[in-house]
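Okay, structure first, notes after.
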């Protein structure tokens, strides 16, 4: 049976509130930056990337602070990212509406209108009825289709904020015994001499004698990376991950497989030999 690492789900109120406060406070200037991009970028394709970048920045702020606060709950991380993104999106909407009304001085007049959500909603409904933009050789987009576009924008912002926040929390295993993230890292690089499924099976079998037989890969070329994460304090928590780095295909195949201290020692020995140019096999591993 494959035994994978999972976060304990533990967190404290300080970590949750710190992530939320950071996301909301820094979300304000990020919202202004987002509006600036929408106002100034002329390419429609580039403007479509703005919500993705907006949400990702919010998620990075929240996730980074919660990582520092040792939050190990992905639901909390995703929720904090989503709430922070909704707040920042609301601020950006206030700024966007004010820009339409006061294009020369909207940036100085955000606080008051932010405290009047009903007035903002009324303005948004009027804007939806008249439209503000349209495709080339067409009139302004209005009505249901414009509502749909706005909904997609909101989903992109909130979704990417949650995803990035969760990704930062999930990136490393956490040693509950020592109360630290497992930052110690060891890796070996394997040439893509077998299909990904077979290499995945080799890693999951934890048969490091077979793993050692794979040819050493050039990290600048397509390869597989087998990565060991270890608690640098007690060294009792060890996880193994497999990442596929092939042209147009970057994929996590094995995510934090738990291995014993003895297996981790063997893995580090293999890494040392390969780094020194020793133990490089002349033949391929058995299929």
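Derivation of every value follows stated rules applied to the coordinates shown; laboratory data play no part. Worth saying up front: this structure is predicted, and the values here are computed from it rather than measured. Cβ sites come from the backbone with ideal geometry, for glycine too, and all protein chains shown count toward neighbours.
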Taking the radius of gyration and the Kirkwood hydrodynamic radius from Cα positions alone, what is the Rg/Rh ratio for region 176-275, to two decimal places?
0.97
Assuming a ≥ b ≥ c are the square roots of the Cα gyration tensor eigenvalues, decide whether region 1-42 counts as rounded (a/c under 1.5), prolate (otherwise, with a/b larger than b/c) or oblate.
oblate
Could you let me know the centre-to-centre spacing of region 198-258 and region 47-86, using Cα atoms, in angstrom?
28 Å
Please report, in whole Å, how far the alpha carbons of region 219-263 spread along each principal axis, starting with the longest.
38, 18, 15
Evaluated at q = 0.14, 0.20, 0.23, 0.27 Å⁻¹: base-10 log I(q)/I(0), Debye formula over Cα of region 195-239
-0.44, -0.79, -0.93, -1.06
What FRET efficiency do you get for residue 144 and residue 4 if R0 is 51 Å and r is their Cβ-Cβ distance, rounded to the nearest 0.05?
0.70
Please work out, to two decimal places, the log10 of the ratio I(q)/I(0) at q = 0.11, 0.12, 0.13, 0.18 Å⁻¹ from a Debye calculation in which every Cα of region 13-171 carries one identical scatterer.
-0.46, -0.54, -0.63, -1.07
Normalised by the number of residues in the chain, what is the relative contact order in percent for Cα pairs under 8 Å and 6+ residues apart?
19 percent
Extended-chain gain in nm, criterion 0.36 nm per residue less alpha-carbon gap, residue 45 and residue 177
42.7 nm
Could you work out which residue, out of 73, 238, 179, moves most in a Gaussian network model of the chain, that is, has the largest mean-square fluctuation with Cα springs under 10 Å?
179
Report the paramagnetic label zone for residue 191: residues of region 217-242 whose backbone N is under 18 Å from a point 7 Å from Cα along the Cα-to-Cβ axis.
217-226
Kindly give Rg over Rh for the chain, based on alpha-carbon atoms, with the Kirkwood expression for the hydrodynamic radius.
1.11
Test of understanding: what is the full-extension gain from residue 17 to residue 251, defined as 0.36 nm times their sequence separation minus their Cα-Cα distance?
81.0 nm
Gain in length, residue 221 to residue 207, computed as 0.36 nm per residue apart minus the alpha-carbon separation, to one decimal in nm?
2.5 nm
Quickly work out the residue 276-to-residue 236 label distance, labels modelled 7 Å from Cα along the C-beta direction, and quote it in nm with one decimal.
3.1 nm
Footprinting proxy, 93, 181, 150, 121: sorted fewest to most Cβ within 10 Å, the residues are 121, 150, 181, 93
Length-normalised contact order of region 147-283, Cα under 8 Å, at least 6 apart, in percent, tallies to 23 percent
